[in-house]
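First comes the structure, then the notes that go with it.
Derivation of every value follows stated rules applied to the coordinates shown; laboratory data play no part. The model shown is predicted, which means the values in this text are computed figures rather than measured ones. Note: ideal-geometry Cβ built from the backbone for every residue, glycine included; neighbour counts use all protein chains shown.
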Amino acid sequence: MRVAVVGATGMVGNVMLQILAERNFPVTELIPVASERSVGNKIEFKGTDYTVVGLATAVEMKPDIALFSAGGNTSLEWAPKFVEIGTTVIDNSSAWRMDPSKKLIVPEINASELTEEDKIIANPNCSTIQMVLALAPLHKKYEINRLVISTYQSITGTGVKAVRQLENEANGVDGENAYPYQIHKNALPHCDVFEEAGYTKEELKLVRETHKILSDPSIAITATCVRIPVVGGHSEAVNIEFDNHFTVDEVRNILSETDGVTVQDNTENNEYPMPFYSEGKDDVFVGRIRRDLSRENALNMFIVSDNLRKGAATNTIQIAEYLVENNLVKASVVA
Ligand code: 2RA
């Protein structure tokens, strides 16, 4: 496979390269793509140096698959240009997620929806992926009617500048782009821009993307997304109200049997998910599973996952793996 990684020098792009190698994805030729200021730089991938190219050059090189993590504007402008020359695009930005003609995929839930005609495929937002992976089997069994979500999101979701600022603030260095909110010792109730009715784009992504992935716009969903000074992954406290009766043991068993989910739930041993321990792993970790004593058929749980891996790069590459395994993408270059 001739594979382009668009945004190869960014945080998610770097993790994509790492995971392509880790999972031995059938890359016969890598095309690292970045902004003009990085063109010409070398990137090492599986022992071979590749030269970073610009977007126009990458299109001319006719990749079979292009993995995008380069922002919504770049995706909107360039994904169609790759498709024109036959490339299948998997995009990490929010640009295409709510487009009714584009599929929004978490492979364990809805990869079977994909066909050869899907040439731009949207990767959901990190905080959505980890949540729906745990909720999908419970929705199928008990039918969710309401979700109340509070997230505690890693600074890595904001990008490398924010991570650098966190380090600078923690080391008493006023970085040149001083993050004005003292994020190294604060909780910032502001992820992405404010949109309608006082909600941020991040909070509305959780609502809209969950409806689309679970194919159920009737679920009542409300969210508060908070940025906290950790780097290992995103955490979410989720309150779930079902239409039907459940037992906590049943829920634990269903989650334990769900691909990609690990249950960490033994409060006697202080065993529960934490971002420090999810970093570098692909699983979604679920714990603090307990009945909501204030409402019938309601449940609380705590969900943690590495937002750069399953929340972005790994999910993207799992989609690509599904396309290859099901012959939905043809390789122009055979190993
Ligand atoms: C964030 N999910 O955490 C968003 C984008 N990565 O900021």
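Things to note:
- Charge dipole (debye, nearest 20) of region 34-157; +1 at Cβ of Lys and Arg, -1 at Cβ of Asp and Glu: 400 debye
- Full extension of the chain segment joining residue 146 with residue 73 gains 23.0 nm, where the gain is 0.36 nm per residue of separation less the Cα-Cα distance.
- Under 21 Å from residue 119, Cα to Cα: lysines that are on another chain or at least 8 residues apart: 62, 81, 102, 103, 212, 330
- Residue 194-residue 267 FRET efficiency (beta carbon distance; Förster radius 41 Å; 0.05 resolution): 0.65
- Amide hydrogen neighbours beyond the local backbone of residue 89, cut-off 5 Å, H modeled: 66, 120, 121
- Counting only aspartates and glutamates at least 8 places from residue 42 when in the same chain, those with an alpha carbon closer than 17 Å to its own are 29.
- Here the sum of -39500 (n - 2.57) over DSSP H runs of 4 or more residues, divided by the residues of the chain, equals -9000 deg cm²/dmol at 222 nm, to the nearest 500.
- Computed from Cα positions, the angle between helix 11-22 and the longest principal axis of the chain comes to roughly 80 degrees.
- Potential extension, residue 211-residue 28 segment - 0.36 nm per residue separation minus Cα distance: 62.2 nm
- 3J(HN,Hα) along region 69-81: 8, 9, x, x, 5, 4, 5, 4, 7, 9, 4, x, 5 Hz, from the Karplus curve 6.51 cos²θ - 1.76 cosθ + 1.60 with θ = phi - 60°, whole Hz, x for Gly and Pro.
- Centre-to-centre, using Cα atoms only, region 113-154 and region 217-235 are separated by 12 Å.
- Here the peptides 233-244, 270-281, 119-130 are ranked by packing, the mean other Cβ count within 10 Å, and the order with the highest first is 119-130, 233-244, 270-281.
- Amide hydrogen proximity for residue 263: with H placed 1.01 Å from N in the peptide plane, the residues at 5 or more positions away or on another chain lying under 5 Å are 286.
- Taking every DSSP bridge with both residues inside region 127-306, close to 70 percent are antiparallel.
- The chain, relative contact order in percent, only Cα pairs under 8 angstrom and at least six apart counted: 19 percent
- Separation of alpha-carbon centers, region 263-320 and region 73-110, rounded to whole Å: 27 Å
- Computed from phi, the 3J(HN,Hα) profile of region 207-212 under the Karplus parametrisation 6.51, -1.76, 1.60 (θ = phi - 60°) reads 5, 5, 5, 5, 4, 5 Hz, with x in place of Gly and Pro.
- HN-Hα J in Hz across region 129-139 - Karplus 6.51, -1.76, 1.60, θ = phi - 60°, x for Gly and Pro: 3, 5, 6, 5, 4, 7, 7, 3, x, 6, 5
- Ranked by the mean number of other Cβ atoms within 10 Å per residue, highest first, peptides 155-165, 1-11 order as 1-11, 155-165.
- Once backbone amide H atoms are built at 1.01 Å from N, residue 224 has 149, 150, 151 as its partners under 5 Å, excluding neighbours fewer than 5 places away on the same chain.
- In the chain, taking the dipole from charged Cβ atoms about the Cα centre, the farthest positive-side position among 253, 273, 137 is held by 273.
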